[in-house]
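Note sheet for the following structure.
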């Protein structure tokens with residue numbers, strides 16, 4: 001197997017170059033077809049917002065194209081000067097390239113370690129290569145294994161545990177309090193852009209209704225229209241809070257809009273369960289003293305960011321075990337691949353020995369015909385087989401144990417020459 | 001016990017008898033240690049999962065819990081229903097039966113809600129009930145009243161109420177842990193059900209247990225007509241106390257609308273009284289053989 005990887009990631013390529021080198025939409029299929037046509041090899045492209053990587057492979061002994069040829073292809077395809085990208089791209093071959101893909105799929109090489117999107121993107125890259133007919137025996141094996149390594153890392157380590165975006169952490173907290181949402185009311189206070197993503201996530205919970213209030217009635221109506229909610233007058237804020245189960249507050253108010261005393265009055269009027277308040281406004285809209293964890297759970301931006309950082313820190317602890325899994329899987333894959341490659345040669349070697357043994361046995365039988373019983377001939381034939389197995393055990397074991405580093409003359413080649421085994 | 005078992009097997013015929021004899025030989029070897037150890041190891045595996053989460057550990061814990069459950073059922077069938085050496089109406093029998101129902105609850109919930117760490121909360125209660133059962137075991141314990149209709153009704157209704165109280169207790173403990181996590185704004189956990197679900201679980205358990213408890217008490221009064229009753233025995237006082245606590249709990253929950261935390265604390269208090277009632281000896285028919 002000859003595998004070559006040429007690419008760049010957020011670590012080596014600035015965003016402007018990543019944007020230029022991206023293979024989006026129909027570009028991907030065109031590029032895969034062109035790579036196959038130009039270099040006569042298997043190809044796959046992993047193109048995400050954080051990386052662009054081209055994997056080139058050949059199943060036989062013929063070596064894969066030079067890395068510079070691939071850089072040249074990238075340069076011509078995207079019309080970016082060769083010199084501008086050459087220094088920012090990395091290239092890896094064989095085991096190193098396999099390890100890199102396994103690390104990428106397992107999200108060990110991601111901007112946010114443990115993020116779950118990358119495995120899907122690697123799968124998509126593989127499926128695109130399959131659809132374009134550019135994935136052959138090597139890339140099939142490597143990409144399938146990469147996806148299984150990603151799954152193993154995800155299930156056997158805590159690397160993907162928890163959420164790392166503020167809006168996802170906010171929704172996680174909401175889910176810690178509420179079980180079902182078809183009878184829940186979400187109240188959106190303000191029209192801050194910061195809350196847009198959180199509101200999008202909250203809408204996915206399919207609440208019974210969304211109320212929107214703002215100092216400016218026009219803005220309240222605009223936000224309500226966007227989220228299929230109901231606009232409520234600013235003077236009705238307290239009434240809306242009495243009815244709300246989840247509150248998303250994103251006003252630009254310089255002072256808190258809700259003091260503890262005012263909120264106590266609201267709580268006294270409430271008969272509903274715990275209220276979750278996501279105060280993502282800066283400065284804060286709700287007095288932090290409101291939080292009691294029982295009647296009101298108040299989370300502000302600092303709380304959500306703290307969890308985000310805590311999750312990222314916890315993920316760091318799982319990097320080493322995840323890397324150990326990747327190393328183990330690379331070793332296993334290379335070993336299995338070599339065995340698969342050696343298989344036909346070992347079969348031919350065994351067949352050749354069988355042929356020779358049978359020829360010698362036939363001569364022997366012709367020479368001593370009638371002098372030995374059938375049982376004694378069977379015994380001699382068995383002895384031949386045993387001798388053959390004992391003779392072959394050493395060479396076959398040596399082939400299986402051969403170090404994977406590519407050397408000029410491999411043991412396999414030597415054995416093929418020694419035993420006159422033609423390709 | 002052995003003679004009773006042998007008589008039971010003798011009544012069966014042919015191959016059925018051989019199979020039953022083989023099964024009895026196997027099940028007779030099951031001891032309290034077998035199922036207690038299974039539950040304890042399942043709990044240990046769940047603890048391991050807490051620090052090194054791997055799906056396989058949850059499966060192992062569930063398999064161990066299932067094995068414990070099988071051993072537990074076999075033990076109760078052989079010793080209580082067939083052998084009658086451990087009457088289910090006795091303190092030990094009641095505690096073992098309650099532990100069994102909670103173990104069924106654990107296995108069921110662990111299958112349906114696999115992400116939740118049920119073993120962490122249910123198995124300690126199961127193990128504690130088994131431990132109390134062993135500690136309060138009296139080989140001479142016989143409950144004659146268990147044989148009468150009112151005795152069976154009284155025992156069954158109170159046991160079912162006890163299941164409700166125990167489930168409410170587990171839900172309350174989980175609720176308080178979740179409450180603490182939310183108060184301290186700790187990172188969200190998948191292995192703990194949300195507050196709303198735990199409160200619903202608690203409320204359902206209370207609503208289920210109260211009528212059963214009341215009916216059980218009434219059946220106990222009916223039983224009084226047949227056998228003497230000591231109104232001031234710890235068991236009677238505990239059961240009456242449990243009923244009063246439940247009445248207060250319902251009043252607080254539905255009339256006063258107290259905070260959920262207080263409801264959870266009252267439920268835990270009710271469970272403590274329940275345990276006291278279960279470990280106390282019977283006030284009627286004590287020492288009378290069936």
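Throughout, read-outs are computed from the coordinates displayed, never taken from laboratory work. As the structure is a computational prediction, the values presented were derived from the model and not from experiment. When we count neighbours, we look across all protein chains shown, and the Cβ atoms used for this are built from the backbone with ideal geometry, even at glycine.
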**Global size of chain A as Cα Rg and Dmax, reported in angstrom** = 32.8, 117
**Request:** Within a 10 angstrom radius of each residue's Cβ in A:300-311, how many Cβ atoms of other chains show up on average? Whole number is fine.
**Result:** 1
**Prompt:** Say each of residue A:82 and residue A:117 gets a label point 7 Å from the Cα, pointing the same way as Cα to Cβ; how far apart are those two points in nm?
**Reply:** 3.4
**Message:** Of the candidates A:130, A:317, A:84, which one comes out as most mobile in a Gaussian network treatment of chain A with C-alpha springs shorter than 10 Å?
**Reply:** A:84
**Fill in**
For the stretch A:179-277 the mean separation of alpha carbon contacts under 8 Å (6+ apart) over residue count, i.e. relative contact order in percent, is 32
**Message:** I'd like the antiparallel share, as a percent to the nearest 5, of DSSP beta bridges with both residues in chain A.
**Reply:** 45
**Fill in**
With label points set 7 Å from each Cα along the Cα-to-Cβ direction at residue B:148 and residue B:268, the distance between them in nm comes to 4.0
**Request:** Work out the FRET efficiency for residue A:221 and residue A:127 from their Cβ-Cβ distance, taking R0 = 35 Å, and round it to the nearest 0.05.
**Result:** 0.20
**Asked** Across 10 Å bins from 0, what is the distribution of all Cα-Cα pair distances for the protein assembly as shown, in whole percents?
**Response** 3, 11, 14, 15, 15, 14, 12, 9, 5, 2, 1, 0
**Request:** First measure r as the distance between the Cβ atoms of residue B:240 and residue A:27, then evaluate 1/(1 + (r/R0)^6) with R0 = 60 Å and state the FRET efficiency to the nearest 0.05.
**Result:** 0.15
**Item:** Extension reserve of the residue A:364-residue A:68 stretch, reckoned as 0.36 nm per residue once the Cα distance is removed
**Value:** 100.4 nm
**Item:** Taking N as its residue count, the alpha carbon Rg of the stretch A:341-418 over 2.2 N^0.38 Å
**Value:** 1.44
**Request:** Mind pulling the angle between the C-alpha long axis of helix A:319-367 and the longest principal axis of chain A? Nearest 10 degrees, somewhere in 0 to 90.
**Result:** 20
**Message:** Given a 10 angstrom Cα cut-off, can you work out which residue in A:240, A:383, A:322 is the most mobile in a GNM of chain A?
**Reply:** A:383
**Asked** What angle do you read, to the nearest 10 degrees and between 0 and 90, between the alpha-carbon axis of helix A:374-401 and the longest principal axis of chain A?
**Response** 50
**Request:** Name the most mobile residue of A:398, A:191, A:105, meaning the one with the largest mean-square fluctuation, in a Gaussian network model of chain A with Cα contacts below 10 Å.
**Result:** A:398
**Global size of the stretch A:208-365 as Cα Rg and Dmax, reported in angstrom** = 34.2, 111
**Fill in**
Expected sort for B:72, B:137, A:393 with the fewest Cβ neighbours (10 Å cutoff) up front is A:393, B:137, B:72
**Message:** What distance in nm lies between label points placed 7 Å from Cα along the C-beta direction at residue B:204 and residue A:140?
**Reply:** 4.9
**Fill in**
per DSSP, antiparallel bridges as share of beta bridges in the protein assembly as shown, % nearest 5, sits at 45
**Message:** Give me A:418, B:174 sorted ascending by neighbouring Cβ count inside 10 Å, so fewest comes first.
**Reply:** A:418, B:174
**Message:** Just want the ordering: A:55, A:126, from fewest to most Cβ atoms lying within 10 Å of their own Cβ.
**Reply:** A:126, A:55
**Message:** With bins 5 Å wide starting at 0, give me the P(r) of the stretch A:1-40 over every alpha carbon pair, in whole percents.
**Reply:** 6, 18, 20, 24, 19, 11, 2
**Prompt:** Pulled fully out, how much extra length does the chain show between residue A:354 and residue A:335, if you take 0.36 nm times their separation in residues and subtract their Cα-Cα distance?
**Reply:** 4.1 nm
**Asked** Given a cut-off of under 8 Å on Cα pairs at least six residues apart, what relative contact order in percent is computed for chain A?
**Response** 13
**Item:** Whole-number percent relative contact order across the stretch B:151-290, with pairs defined as alpha carbons under 8 Å at least 6 apart
**Value:** 35
**Message:** Can you compute the FRET efficiency between residue A:179 and residue A:148 using 1/(1 + (r/R0)^6), with r the Cβ-Cβ distance and R0 = 30 Å? Round to the nearest 0.05.
**Reply:** 0.30
**Prompt:** If you line up the long axis of helix A:94-105 against the longest principal axis of chain A, both from Cα atoms, how many degrees apart are they, to the nearest 10?
**Reply:** 30
**Request:** Please work out the ratio of the alpha-carbon Rg of the stretch A:2-161 to 2.2 N^0.38 Å and round it to two decimals.
**Result:** 0.97
